[in-house]
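K.L.:
Next up is a structure, given as structure tokens.
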Amino acid sequence: MKRLLGITVLCLLIMSRVTAQADFPVLGLSIAAPAHENTKDFEKFIREDLAPLGVNTLVLRVDYNYSYETHPELRDENPLTNQDVKLLVRTCKELGIKIIPQINLLGHQSWHSEAGKLLEVYPQFDETPWVTLPEKYEWPNADGLYCKSYCPLHPDVHKVAFDIVGELVDVFETDAFHAGMDEVFYIGEDRCPRCSGRDKAELFAGEVNAIRNFLASKDAKLWIWGDRLIDGKQTGYGMWEASMNNTHRAIDMIYKDVVICDWHYERPDLSAVWFAFKGFTVLTCPWRTPEVALKQVENTRLFIESSNNAMKERYAGILQTEWGSAEAFMRDFREIKKNGAAPENLKNSGANTFYIITRKLH
């Protein structure tokens, strides 16, 4: 009898551990929206691959890949249609998956030698119009050019940006929107007639709060990447995963209902604790290194288990990130799933990392 009782207790402990692993409030994927012609295949991927793994959140980087009615001049070539989006929305609702559209705001308004759609159509919004995009991009460069930013103080920028943000919130029938806002290197530049001399932290916070307030008027929450809110020098994280231009002080100036997506790809850094202590809901975001991602999953579970009730509610879970196309991710994930393991060329990939951590959590 004692032996049976001991086995029962052990089984309950194991079951509780498995439940804890699988019971993060959020198990999500952040990925580029599919091309228009691949929408049905992506819907099939959601239904047959994501939902069975327990994925309950899907962040779709739409940017200008949508047939905007408010600003048709900002449409990419052959963009998603209203019908495409509604197919994904219906499927996600049916499967209990929260779908969150994204447009990169503030930063990431160019890529290498090509302006993004917003600055292509509205070059007057450029924070650094004197910095020309080179024919051949190299890093580092004399201009410190990684990606362009729009000027947050331009009097017309929010009218345009908020039109398309609001349109996406409506068409996706969602209560959340991801604004990106990572890797902002150009902000408060001395030669900008509006931003010169301004505190960069105040400028960044002002933009976060402006977007947040607009979304609040539509009963939606703002999600952003967290790197610009971390002191790159103090932490040793550097200029990519944290701020070296003093925007980090904005963490004490923005609304606490902003959801922070805390990304680290090469090390399982513990900055999620920093955001939680500051009062924010935080998601831990891996990418393409499975051993790092597994440690991040373990750390997230430890944060929840080790925290009091007020703090543990702030650790929302895991949001896997993928920075290639949706089509490449689906292809790679399906190959790995079919074979039960990744081939050598996919071992350090977002698809394999996602496969491994979802098997761990499911």
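The values are calculated or read from the model by the stated rules, or taken from the named source; none is laboratory data. Owing to the predicted nature of the structure, the values given are computational and were not obtained by experimental measurement. Please note: Cβ atoms are built from the backbone with ideal geometry, for glycine as well, and neighbour counts cover all protein chains shown.
K.L.:
Consider only pairs whose beta carbons are under 9 Å apart and that are at least six residues apart or on different chains; among these, list those whose first residue lies in region 150-164 and is farther than 11 Å from Q109 by Cβ and whose second residue is surrounded by fewer than 17 Cβ atoms within 10 Å (Cβ to Cβ) and of a type in the set (S, T, N, Q).
P.N.:
From region 150-164, the pairs are H154/Q124; D156/Q124; V160/T70; D163/T70; I164/T70.
K.L.:
Looking for whichever is touching a residue at least 40 places away in the same chain (Cβ under 8 Å) and either surrounded by fewer than 22 Cβ atoms within 10 Å (Cβ to Cβ) or closer than 20 Å to L361 by Cβ (or both) here; the options are E291, E322. Which one fits?
P.N.:
E322
K.L.:
Please count how many residues of region 57-74 are within 21 Å of I97 (Cα to Cα) and surrounded by fewer than 19 Cβ atoms within 10 Å (Cβ to Cβ).
P.N.:
Within region 57-74, residues that are within 21 Å of I97 (Cα to Cα) and surrounded by fewer than 19 Cβ atoms within 10 Å (Cβ to Cβ) number 0.
Yes/no per residue for (1) surrounded by fewer than 22 Cβ atoms within 10 Å (Cβ to Cβ); (2) among the charged types (D, E, K, R); (3) closer than 15 Å to E127 by Cα; (4) in contact with a Gly (Cβ under 8 Å, 6 or more places away or on another chain):
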{"position": "D175", "(1), (2), (3), (4)": "yes, yes, no, no"}
{"position": "A201", "(1), (2), (3), (4)": "no, no, no, no"}
{"position": "R212", "(1), (2), (3), (4)": "yes, yes, no, no"}
{"position": "A216", "(1), (2), (3), (4)": "yes, no, no, no"}
{"position": "D219", "(1), (2), (3), (4)": "yes, yes, no, no"}
{"position": "W225", "(1), (2), (3), (4)": "no, no, no, yes"}
{"position": "G236", "(1), (2), (3), (4)": "yes, no, no, no"}
{"position": "N246", "(1), (2), (3), (4)": "yes, no, no, no"}
{"position": "R249", "(1), (2), (3), (4)": "yes, yes, no, no"}
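K.L.:
So which helices (runs of 4 or more DSSP H) are wholly in region 283-362 and hold at least 1 residues that are out of contact with any Cys (no Cβ under 7 Å at 6 or more places or on another chain), closer than 19 Å to F45 by Cβ and not acidic (D, E)?
P.N.:
Per the criteria, 326-339, 350-361.
K.L.:
In this structure, does G144 turn out to be surrounded by 15 or more Cβ atoms within 10 Å (Cβ to Cβ), modelled with pLDDT of 95 or more and of a type in the set (G, A, S)?
P.N.:
no
K.L.:
Tell me yes or no: at least one residue of region 105-118 is of a type in the set (S, T, N, Q), farther than 14 Å from C147 by Cα and surrounded by fewer than 14 Cβ atoms within 10 Å (Cβ to Cβ).
P.N.:
No, every residue in region 105-118 fails to be of a type in the set (S, T, N, Q), farther than 14 Å from C147 by Cα and surrounded by fewer than 14 Cβ atoms within 10 Å (Cβ to Cβ).
K.L.:
While we're looking at this one, here's another question. Hey, which of the helices (runs of 4 or more DSSP H) in region 28-133, taking only ones fully inside, have at least 3 residues that are closer than 27 Å to K159 by Cβ, modelled with pLDDT of 95 or more and in contact with a Ser or Thr (Cβ under 9 Å, 6 or more places away or on another chain)?
P.N.:
Qualifying helices (runs of 4 or more DSSP H): 82-95.
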